[in-house]
Amino acid sequence: HIQGLFNRTIRFLTEGIRPIYVFDGKPPMIKSGELTKRREKRAKAQEALKQATEDGNVEEQDKQSKRLVRAGQKENDDCRKL
């Protein structure tokens, strides 16, 4: 998570974009549709992971596991320190 934020920040800066990151507060209502889509994708990935596990498909398990990674308070705190 920190490496991704760092790389993204560097990319923005090299393009002349000065990023601003906000880590607190509730998301705006305009984002509610996007958050719903993300929850749906997460549920599909969870189901696909379960199926891949039952099938013993290690490659698919790895793929779906990566789709389930979510940044939490610890990751936000780490990024603030960066």
Within segment 70-82, how many residues are surrounded by fewer than 13 Cβ atoms within 10 Å (Cβ to Cβ), free of Cβ contacts under 8 Å to residues at least 60 places away in the same chain and of a type outside the set (G, A, S)? 6
So R38 clears everything in (1) closer than 23 Å to D78 by Cβ; (2) modelled with pLDDT of 90 or more; (3) in contact with a helix residue (DSSP H, G or I) (Cβ under 9 Å, 6 or more places away or on another chain) except one condition, right? Which one? (3)
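From the residues in segment 1-19 that are part of a loop (DSSP other than H, G, I, E, B) and modelled with pLDDT of 90 or more, which one is most open to solvent (accessible area, probe 1.4 Å)? Walk me through it before giving the result.
Taking segment 1-19 first, the residues part of a loop (DSSP other than H, G, I, E, B) are 1, 15-19.
Filter once more, so that each one left must be modelled with pLDDT of 90 or more: 15-19.
Values: E15: 134, G16: 69, I17: 85, R18: 206, P19: 33 Å².
Residue satisfying both the conditions and the ranking: R18.
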Scanning segment 18-71 residue by residue, those acidic (D, E) and either more than 15 Å from the chain's Cα centre (by Cα) or within 26 Å of N7 (Cα to Cα) (or both) turn out to be D24, E34, E47, E54, D55, E59, E60, D62
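Of these, E47, E54, E60, which one is part of a helix (DSSP H, G or I) and surrounded by fewer than 10 Cβ atoms within 10 Å (Cβ to Cβ)? Before you say what the answer is, go through the steps one by one.
Details: E47 fails: surrounded by fewer than 10 Cβ atoms within 10 Å (Cβ to Cβ); E60 fails: surrounded by fewer than 10 Cβ atoms within 10 Å (Cβ to Cβ).
Within the list E47, E54, E60, the selection yields E54.
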Assess whether F6 counts as being touching a Pro at 6+ places or on another chain (Cβ under 9 Å) and of a type outside the set (S, T, N, Q). no
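Inspect segment 20-33 for any residue being of a type in the set (S, T, Y), modelled with pLDDT of 90 or more and open to solvent by less than 90 Å² (accessible area, probe 1.4 Å) and give the result as yes or no. Give the derivation first.
Within segment 20-33, the subset of a type in the set (S, T, Y) is 21, 32.
Checking which are modelled with pLDDT of 90 or more leaves us with 32.
This time we only want the ones that are open to solvent by less than 90 Å² (accessible area, probe 1.4 Å), so: 32.
Checking segment 20-33: at least one residue is of a type in the set (S, T, Y), modelled with pLDDT of 90 or more and open to solvent by less than 90 Å² (accessible area, probe 1.4 Å).
The values are calculated or read from the model by the stated rules, or taken from the named source; none is laboratory data. The shown structure was predicted, so the numbers you read here are calculated from the model rather than taken from an experiment. Virtual Cβ from ideal backbone geometry, glycine too; neighbours counted across all protein chains shown. Accessible surface is based on the protein model in full, side chains and every heavy atom, while ligands, DNA and RNA are left aside. Shrake-Rupley method; radii C 1.70, N 1.55, O 1.52, S 1.80 Å.
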